[in-house]
1. Take the residues of the stretch 169-228 that are charged (D, E, K, R) and part of a loop (DSSP other than H, G, I, E, B): which is farthest from residue 130 (Cα to Cα)?
2. Give me the pairs: first residue in the stretch 175-190 and under 18 Å from residue 220 (Cα atoms), second residue assigned to a helix (DSSP H, G or I) and small (Gly, Ala, Ser), beta-carbon distance under 6 Å, and six or more apart or on different chains, which are they?
3. For the stretch 127-138, check the following and say yes or no: at least one residue is closer than 23 Å to residue 66 by Cα and crowded, with 19+ Cβ neighbours inside 10 Å.
4. Residues of the stretch 137-190 being at pLDDT below 95 and of a type in the set (Lys, Arg), which ones?
5. Does residue 149 count as of a type outside the set (Val, Ile, Thr), surrounded by 22 or more Cβ atoms within 10 Å (Cβ to Cβ), touching a residue at least 12 places away in the same chain (Cβ under 8 Å) and farther than 22 Å from residue 32 by Cα?
6. So, in the stretch 2-13, how many residues would count as being surrounded by 15 or more Cβ atoms within 10 Å (Cβ to Cβ) and touching a residue at least 40 places away in the same chain (Cβ under 8 Å)?
7. For the stretch 14-107, give me every one of the helices (runs of 4 or more DSSP H) that falls completely inside it and has 1 or more residues that are free of Cβ contacts under 8 Å to residues at least 24 places away in the same chain and surrounded by fewer than 11 Cβ atoms within 10 Å (Cβ to Cβ).
8. Filter the stretch 159-179 down to residues that are within 15 Å of residue 224 (Cβ to Cβ) and either touching a strand residue (DSSP E or B) at 6+ places or on another chain (Cβ under 7 Å) or crowded, with 19+ Cβ neighbours inside 10 Å (or both), then give me how many there are.
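The values are calculated or read from the model by the stated rules, or taken from the named source; none is laboratory data. Quick caveat, the model's predicted, so the values are computed rather than measured. Here the Cβ positions follow ideal geometry from the backbone for every residue, glycine too, while neighbour counts run over all protein chains shown.
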Amino acid sequence: MNLGTPFRIALGREPDVADAQPSFAAGLFPGPVLIESDGRAECVQVDFTPLGAYRFFGGAVPDLTARMVGLDDILGRNGENLRARVAEAVGWQRRFEIVEDFVHRRAVHEPSPAIAFALDTLWRRAGAVRITELATDIGWSRKHLTRRFHNEIGVPPKTMAQMLRFHRACSLARTDGTGGWAAVAADAGYADQAHLARDFRLLSGETPTGWAARLDLADPRLMRDGGG
């Protein structure tokens with residue numbers, strides 16, 4: 001919810017002037033998000049877990065996947081009223097209270113226990129789960145799990161597993177004594193280093209070594225070791 005100069009935000013590419021985003025809702029996106037600002041930032045951002053997003057947005061979650069939707073378009077007049085109340089509120093504490101109350105009141109949609117179980121399993125195992133086996137554990141077919149998961153989470157379970165595995169690799173690369181990209185790939189559950197490099201290009205828009213250089217990571221092995 002932007003109260004100042006809109007950010008320019010684009011999915012998977014450099015933003016331009018046409019990408020100015022005032023107040024919006026966005027879902028999961030398996031790729032890099034690029035943000036630019038040339039003005040005074042003044043905004044309130046609410047970050048949802050995947051299940052939290054379903055509780056708040058309900059069946060609209062898939063409509064937000066890989067998209068930025070205007071707040072008024074997704075929340076209607078309630079979105080207009082919320083933005084007006086937040087803009088008029090005196091002080092950030094009061095603004096936060098207004099937004100928190102609004103979120104709590106609208107978070108009424110209950111996710112399926114089976115989908116909650118599937119997501120928790122993927123999360124705990126950092127994506128290192130065979131989707132067919134996960135479906136069997138639940139008692140569903142893979143096709144049924146994929147459809148239901150997409151309807152409530154916004155992406156298929158395979159995509160969620162890919163994103164979690166990548167997140168695990170990024171976390172490992174940030175620790176001391178990583179052992180280089182080959183070790184990161186193995187510890188994160190990739191079949192080999194080439195698969196890790198592919199996901200880095202897809203999800204971050206950078207090679208592993210380029211990503212490590214931008215973050216100025218200390219381990220010199222991350223600057224070589226065939227990371228791309």
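1. Taking the stretch 169-228 first, the residues charged (D, E, K, R) are 174, 176, 187, 192, 198-199, 201, 206, 214, 216, 219, 221, 224-225.
Imposing the further condition that a residue be part of a loop (DSSP other than H, G, I, E, B) reduces the set to 174, 176, 192, 206, 216, 219, 224-225.
On the way: 174: 26, 176: 30, 192: 17, 206: 27, 216: 34, 219: 32, 224: 31, 225: 29 Å.
Looking at the filtered set, the residue picked out is 216.
2. Within 6 Å, the pairs are 184/169; 184/173.
3. The first filter runs over the stretch 127-138 and keeps only residues closer than 23 Å to residue 66 by Cα, leaving 127, 131.
Pick out the ones that are also crowded, with 19+ Cβ neighbours inside 10 Å and you get 127.
Yes; the residues of the stretch 127-138 include at least one that is closer than 23 Å to residue 66 by Cα and crowded, with 19+ Cβ neighbours inside 10 Å.
4. 174
5. Numbers: of a type outside the set (Val, Ile, Thr): yes; surrounded by 22 or more Cβ atoms within 10 Å (Cβ to Cβ): yes; touching a residue at least 12 places away in the same chain (Cβ under 8 Å): yes; farther than 22 Å from residue 32 by Cα: yes.
Against the criterion (of a type outside the set (Val, Ile, Thr), surrounded by 22 or more Cβ atoms within 10 Å (Cβ to Cβ), touching a residue at least 12 places away in the same chain (Cβ under 8 Å) and farther than 22 Å from residue 32 by Cα), residue 149 qualifies.
6. First pass over the stretch 2-13, keeping only residues surrounded by 15 or more Cβ atoms within 10 Å (Cβ to Cβ): 2-3, 5-11.
Subsequent filtering for residues that are touching a residue at least 40 places away in the same chain (Cβ under 8 Å) retains 2-3, 9, 11.
Of the residues in the stretch 2-13, 4 are surrounded by 15 or more Cβ atoms within 10 Å (Cβ to Cβ) and touching a residue at least 40 places away in the same chain (Cβ under 8 Å).
7. Details: elements: 50-57, 61-64, 71-75, 77-88, 92-106.
Those helices (runs of 4 or more DSSP H) span 77-88, 92-106.
8. Going through the stretch 159-179, the residues within 15 Å of residue 224 (Cβ to Cβ) turn out to be 173, 178-179.
Checking the rest, the ones that are also either touching a strand residue (DSSP E or B) at 6+ places or on another chain (Cβ under 7 Å) or crowded, with 19+ Cβ neighbours inside 10 Å (or both) come to 173, 178.
So the count comes out to 2.
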